[in-house]
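The values are calculated or read from the model by the stated rules, or taken from the named source; none is laboratory data. Here the structure is a predicted model, which means the values were calculated and not measured. Ideal geometry is used to build each Cβ from the backbone, glycine not excepted, and the neighbour counts take in all protein chains shown. Heads up: the accessible areas ignore ligands, DNA and RNA and are worked out on the full protein's heavy atoms, side chains in. Shrake-Rupley method; radii C 1.70, N 1.55, O 1.52, S 1.80 Å.
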Amino acid sequence: MSPTHTDVDCSHCDLPVPRGLIDEHSDTQFCCEGCRAVYTMIRDHGLEQFYRLRDASSTPPSAPPSAPPSAQSAHTYPTSSTSPTPTPTHTQPYHVFDDETFIANHVDQLDNGTCRIDLRLSGIHCMACVWLIERLPRVVPAVIESRLNFRQATARITWDPNRAALSTIARSLDRLGYPPHPAKTTHAQNLHRQTERKQLIHLAVAGACAGNAMLLAIALYMGLLDGIDTAHQTFLRWISLGVGLVALSWPGSTFFRGAWAGLRLRAVTLDLPIAIALGVGGIAGLINVIANRGDIYFDSLTILIFLLLTGRFVQSRQQRHAQDAVSLMHGLTPINCRVRKQNTFIDIPIEALHVNDEIQLRSGERVPADGTIIDGQSTMNHALLTGESTPTQVGPGDHVYAGTQNLGSTLHIRVTAIAHDTRIQRLMEIVAHGVTQKPAIVRFTDRIAGWFTLTVVTSALAVFIGWWIADSLTTAIDHTVALLIVACPCALGLATPLTLAVAVASAARRDILVKNADVFENLAKHGTLLLDKTGTLTQGQMRLIAWHGDESFKPLVALAEQHSSHPVAIALRTAFQNHNQNQNHNQNQNHNHNQNHNHNHNHNQNQNQNQDQDHQPTSSARFPIGQTTEHGDGGITTQFGHDVLRIGSQFFIQSAGITINPKWISLAKPHQNHGHSLAFVAWNHDVRALAVIGDELRPDSLNAITQIRQHHWKPIIVSGDHLGAVNAVARQLNLTPSPSTANVSPEKKLAIVHQHVTQNHRVIMVGDGVNDAAALAAAHVGIAVHGGAETSLAAADVYIAQPGLMPIVQLIKLSHKTASVIRQNLIISLGYNAIAISLAAAGLLSPWIAAILMPLSSATVLTLAVTSLTRKHGMSCPSSTY
Amino acid sequence: MSIIYLLIPLAIILAAVALIGFLWAVHRGQFDDLDTPPIRSILDDDDEKYDPIHNDEK
C-alpha cells in the first residue's frame, strides 16, 4: 500500500484521496483537480441529485461495459477512466466543432432556426448519467433539449445557435466527464434500424390481429354452447376471415418467405412446417367461410404468428444489445488534427483533411490519416494494427497509419491516404467481407425441421386416406386440415429463440458479449481451440520474475528506467515502486544495506535522503542523476555523479567492455531456457545484479486448459512469439509444443484455421490483434478478447471483456446448458404435438381444443427456457480481475 | 344483438386508426430506443419547473 494512502474517499469518484491533498477545513475532499472541477460544476447547477442516483444504482442496469479497458494494459487508447465516474479529459480543442466543414457534415439545421446534432459520449455507465445528460439545459442555457440513447451512448442535442456555439456545449459535456465525438451513422446501422422497425410493426400487427381473432372466436365458442343466430355466426366468421387474412399476409409473410428461401436452397428450416400449417389453415378457413361450412382456426393461427414473432424479436434484440456494446468499444477516431497553413499550424476537423497536407502530430495523439514522416524521430504504438504493444522506432521516410498512437516526440507527417483509403478502413472492409464467408451452421432446429415435416406430412396422408375410406371426403379433409394446423412446431419455434436470448443475456452479465447466437450451438460440440499466447494464456505484460544479486541497486535501476517506455523498463519500474514503499517501512534494514556498499560519498548521502523522505523514485529533483542514454542495442546507461550504471542485455554489457563473471551466466541459463528476458545490472566495471523479466502465465490458465480438454476441445497455441517462449508456456500447461505454431504470421494463422475447417474440425479462434482478424472471421467461432483491436472486434462473434481463459470455459459450459435446454424443449413440444396429432387423427380435435393446446405448450416451454438458464447450476461467479 | 353489425366494423375502423398512428410513430423514430425510456421513467421529476428558454441562470 502506498504511504500516501488514506481512508478518505473523494467526494466525486469515491477513490482514496492522497494524504497531501486532504484539506482539514473542508467537508468535501477530492483526489484530483478533475474531480473537484466536475463536483463544483454539478453543485453550481443544482444537480447534486446525480450522486444520489449514482449510488442508488450501484449495479448499473446491464450497462455497456466501460470504455476500452486501459488500467491493465498500458497500450490502449487515451480514454478517460475505468471507474464508473465521469472524468474530464481537457485535451481536445473543441473549437473545431464550429468549423464550417464540421457543421456541414454533422449538424442538422431545423426549420425554427435551432440546430441539432447527435454526439457520441464516452463515460456513460448508469442511469445517473442519463439523468445528468438530460439536464444539460441547466448547465448550458442555450441547449433546448438533450436526450440520451443509453444503449448507443449517443445524445441528441437541440440548441439555439444564437445563444451558444457548439464548442461551448462540447466543452461543458467534457467538463462534466463525458467527452463528446460526432456520431457517425454507418450504412449497417441504418439497415439495422430499418429491420428493427419492420420487426416491431409486424409484431404489433400480429398482436392486434391475434387479440381480435381471439375475441371473435370466444363469441363463436359461446355460440356453440348457448346457440347463436346463423346470420350472426356467418358475420363473425367473415370478420374472423378478414382479420386472419391480414395476419397471414402481413406479419405471416415472414414464414412463407423463409420457407420458400429455404426450399430454393434445398434446405429445410423450421419455417417450412410453420408455413405449411399457416397456409393449409388459411386456405381451409377461407373455403369454409365462403362455403359456410366446417370449422375455422383463425384464432390459433393468429396467436401462432404472434408468439413466434415475439420469440424472434426478443432474440434479435438481445443480440443487438451485444452488438451495440461491442461497437461502443471501437476506438474513436480523433475529431481534429493540426494542419500546416502557410507557416503556422491550425486545428481543423478531420473531415477537412486532404491528401498531401502536412500535419503535426504531438506526443500521445493518434494519427488521423495514413502518411509518411517528413520530420521528427519518435516511437509509435502499433497495437491497433499488430496487437503488439512493443513500441517501434520511426523516423523520416517511415509510413504511419491512421489510428496508431505517437508515444514520443512531435512528428511532421505528409498525408497519403484519408478516410476510406486508409489501411485500417481497408482492413475493416476485408474483415466485413470475411465475416460473410464464415462457415455456415445448420442449426439444430433446422435439422429437426426436416424429420418433423416428413413425419407430419406422412401422418397427414395416413389420416386423409384413412378417413376418406372410413367416412367421406369432406370429413377426411377436415381432419387432415386440423392435424396440419396443430402439428405446427409452435413451442419449438418459440422456445429456441427465447432460450438463445436468455443465454445471450446470461453471458452478457458475465461480461461476455455474444454477437451471434449460433456460437452456443457450435461451442456445445467438440473441436479445436486455437489460442493466442500473449495476453490470453499469459498476463500480457512483462513483469519482474526474479532478481539475483545486490538488492540495494533496485531504487537506482528504477530511477534509471523512469523515462523509458520499453516494456523491460516498465516492468522494472513497477516492481521497484512497490519495493520502495516496503523499504521505507523497514528503515533499519536499509541502513544496514548502506554500510555494505563502497559507494562514493555523494551516493551515500543520496541513499540516506532517499530513505528519509516518503518520496517515490520518480522525484529526482535532489538526486544528482546525470545523463540517461537509452541505446538502440538493448541497454541503458545512467551517470550517478562519477559512477556509471549500465542495465541491459548480455551483448550490451559486454560491448561496453565489461567482463561478466561466469556465475551470472550460469544463473541466467535456466531463465533463458524459459524464454525470459535478462537484464544485467553493471555498476562501473562489475556486474552486480541480474533481473529476469518475463511474461508470466496467468494463475488460472492451467485450470482453464484442463477444463477445456474435459469439454472435448483440443487447445493449440498459435503465437507470433518465438519458439522458446511458446514451448515454455506449452510445457507448463501440459500441451505438446509444436514447432509449426510459433512465429506465426497473420497469413499463417488464417491458413491454419482453413486447414482445420477443411478437415471438418470445428474451430474456435481466440485472438486480439488485427493480425487475428481474418482468422477470427474464418473460424466457426471467433472470440476477441480483452484489449482487442478494432478489426478483431468487428470480425469476432464473441467479445470477452475480462482477461484470461476462464470466461471461455464459462461460455462453453453455458453453451452445453443451452443445448440441453433446447433439447428439453424439443421433447416437450414433441410431446404436445404427439397428443394433438393423435386427437386430430381420431377426429376429436375442434378449434377450441386447439386454441387451448397451443398456448399451453408455448407457456410450458417458455417457462422452462427462461427459468432453467437463470437457476444457479454450479457455474462459478465471474472471475476477479488481476 | 344485430347491433354487432355496427359495432364490430366500428371497432375495426378504430383499430385501423390506432394502427396507422402506430406506424406513423415508428417511422418518426419514436420507437427506435426502447431501453432509455424505462430508465427515464424511474427517475424523479425535478422539484421546480425549469424553463430552458427563459431561465437564464439558477
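Suppose accessible area is computed on protein heavy atoms with a 1.4 Å probe; arrange B:W24, A:W683 from highest to lowest. Walk me through the intermediate numbers first.
Working: B:W24 145, A:W683 15 Å².
Descending order: B:W24, A:W683.
At q = 0.12, 0.14, 0.17, 0.20 Å⁻¹, what log₁₀ I(q)/I(0) does a Debye calculation on the Cα points of the stretch A:241-391 give, no solvent, two decimals?
-0.69, -0.80, -1.02, -1.23
For the stretch A:416-502, what's the radius of gyration and Dmax over Cα atoms, in angstrom?
Taking only Cα atoms of the stretch A:416-502, I get Rg and Dmax of 24.6, 84 Å.
Using just the Cα positions, wrap the stretch A:787-851 in a convex hull and report its mean projected area in square nanometres, one decimal place.
One quarter of the hull surface, i.e. the mean projection, equals 7.3 nm².
What residue among A:T536, A:A491, A:H479 has its Cα farthest toward the positive end of the dipole of the stretch A:453-543, where the charges are +1 on Lys, Arg and -1 on Asp, Glu, each on the Cβ?
It is A:T536, whose Cα lies furthest towards the positive end.
What order do A:L494, A:L328 take when sorted by accessible area (1.4 Å probe), most exposed first? Working shown, then result.
Values: A:L494 5, A:L328 30 Å².
Largest to smallest exposure gives the sequence A:L328, A:L494.
HN-Hα J couplings of the stretch A:445-456 from phi, Karplus 6.51/-1.76/1.60, θ = phi - 60°, integer Hz, Gly and Pro as x?
Values per residue, Gly and Pro as x: 5, 6, 5, 4, 3, x, 4, 4, 4, 4, 4, 4 Hz.
So, taking all protein chains as they sit and a 1.4 Å probe, how much accessible area belongs to A:H95, in Å² rounded to tens?
Approximately 90 Å² for this residue.
Could you pull out which residues in the stretch A:680-697 have an amide N less than 16 Å from a spot 7 Å beyond the Cα of A:I665, following the Cα-Cβ vector?
Of the residues in the stretch A:680-697, A:680, A:687 have backbone N under 16 Å from the label point off A:I665.
Ignoring ligands, DNA and RNA, what accessible area per residue does the stretch A:659-700 give at 1.4 Å, in Å²? Mind showing how you got there, number by number?
Details: 1930 Å² over 42 residues.
Here the per-residue accessible area is 46 Å².
What are the residues whose amide H is under 5 Å from the amide H of A:L735, where those residues sit 5 or more places off or on another chain and H is modelled from the backbone?
Sorted by chain and number, the residues that satisfy this come to none at all.
Any idea what the relative contact order of the stretch A:201-324 is, in percent, if you count C-alpha pairs under 8 Å spaced at least 6 apart? Show your work: numbers first, answer last.
Working: 104 pairs, mean separation 42.3, N = 124.
After rounding, I find 34 percent.
For A:I653, what accessible surface area do you get with a 1.4 Å probe? Give it in Å², rounded to 10.
It works out to around 0 Å².
What does the accessible area of A:V355 come to, in Å² to the nearest 10, when a probe of 1.4 Å is used?
70
Relative contact order of the stretch A:255-317: what whole-number percent is it, with Cα pairs under 8 angstrom and at least 6 residues apart? Display every interim value, and only then the final one.
On the way: 35 pairs, mean separation 13.1, N = 63.
Relative contact order here is 21 percent.
How would you order A:375-382, A:19-26, A:391-398 from highest to lowest mean count of nearby Cβ atoms within 10 Å?
Working: A:375-382: 18.9, A:19-26: 9.6, A:391-398: 14.1.
With the highest mean Cβ count within 10 Å placed first, the list reads A:375-382, A:391-398, A:19-26.
Just to make sure I understand: if all protein chains stay in place, what is the order of A:R731, A:R646 by accessible area at 1.4 Å, largest first? Don't skip to the end; give the middle numbers.
On the way: A:R731 140, A:R646 50 Å².
The ranking, largest first, comes out as A:R731, A:R646.
Quickly rank B:9-19, A:535-545, A:791-801 as a protection proxy: mean count of other C-beta atoms within 10 Å, highest first.
Details: B:9-19: 12.5, A:535-545: 22.1, A:791-801: 26.5.
The peptides rank, most packed first, as A:791-801, A:535-545, B:9-19.
Given a 1.4 Å probe, how much area per residue of the stretch A:449-563 is accessible, in Å²? Numbers along the way, then the final one.
On the way: 3820 Å² over 115 residues.
That works out to 33 Å² per residue.
If the viscosity is 1.306 mPa s and the temperature 10 °C, what Stokes-Einstein diffusion coefficient in µm²/s follows for the stretch A:199-330 when Rh is the Kirkwood radius over Cα pairs? Intermediate values should be presented prior to the final figure.
On the way: Rh = 16.2 Å.
D, rounded to a whole number, is 98 µm²/s.
Estimate the FRET efficiency between A:D347 and A:L191 by the formula 1/(1 + (r/R0)^6), using the beta-carbon distance for r and 35 Å for R0, to the nearest 0.05. Mind dumping the intermediate values first?
Values: r = 34 Å, r/R0 = 0.98.
The value I calculate is 0.55.
Based on the alpha-carbon gyration tensor of the stretch A:270-349 and its eigenvalue square roots a ≥ b ≥ c, which shape applies: rounded if a/c is under 1.5, prolate if not and a/b is larger than b/c, or oblate? Can you show the working numbers first?
Working: a/c = 6.86, a/b = 4.07, b/c = 1.68.
It comes out prolate by the Cα gyration axes.
Taking each residue in B:25-35, count the Cβ atoms of any other chain within 10 Å of its Cβ, then average. What number comes out?
Values: counts 0, 6, 2, 0, 3, 0, 5, 6, 8, 4, 9.
That works out to 4 on average.
Determine the shielding of peptide A:195-202 by partner chains: average, over its residues, the number of Cβ atoms on other chains within 10 angstrom of each Cβ. Could you put the intermediate results ahead of the total?
Values: counts 0, 4, 6, 1, 0, 5, 6, 0.
That average works out to 3.
Please compute, for peptide A:126-134, the average count of beta-carbon atoms on other protein chains lying within 10 Å of each residue's beta-carbon. Display every interim value, and only then the final one.
Details: counts 1, 6, 2, 1, 5, 6, 0, 0, 3.
Mean shielding count: 3.
Using a loss threshold of 50 Å², tell me which positions in the stretch A:146-165 are less accessible in the complex than in their chain alone. Probe radius 1.4 Å, ligands and nucleic acids ignored.
Residues of the stretch A:146-165 that lose at least 50 Å² of accessible area once the other chains are added: A:R163.
Counting only heavy atoms of protein chains, what accessible area per residue, in Å², does the stretch A:713-852 have with a probe of 1.4 Å?
Working: 4850 Å² over 140 residues.
Solvent-accessible surface per residue comes out at 35 Å².
How would you order A:178-184, A:694-700 from highest to lowest mean count of nearby Cβ atoms within 10 Å? Kindly include the intermediate steps, with their values, before the conclusion.
Numbers: A:178-184: 21.3, A:694-700: 18.0.
Most protected by this proxy first, the peptides run A:178-184, A:694-700.
Do any of A:K669/A:K748; A:K533/A:K554; A:K184/A:K813; A:K438/A:K817; A:K198/A:K817; A:K438/A:K813 go past 27 Å between their Cα atoms, and which?
Values: A:K669/A:K748 32 Å; A:K533/A:K554 30 Å; A:K184/A:K813 37 Å; A:K438/A:K817 25 Å; A:K198/A:K817 32 Å; A:K438/A:K813 24 Å.
As for pairs spanning more than 27 Å Cα to Cα, those are A:K669/A:K748; A:K533/A:K554; A:K184/A:K813; A:K198/A:K817.
How big a patch of accessible area, both sides summed and in Å² to the nearest 100, lies buried between A and B at a 1.4 Å probe?
Separately minus together, A and B give about 3000 Å² buried.
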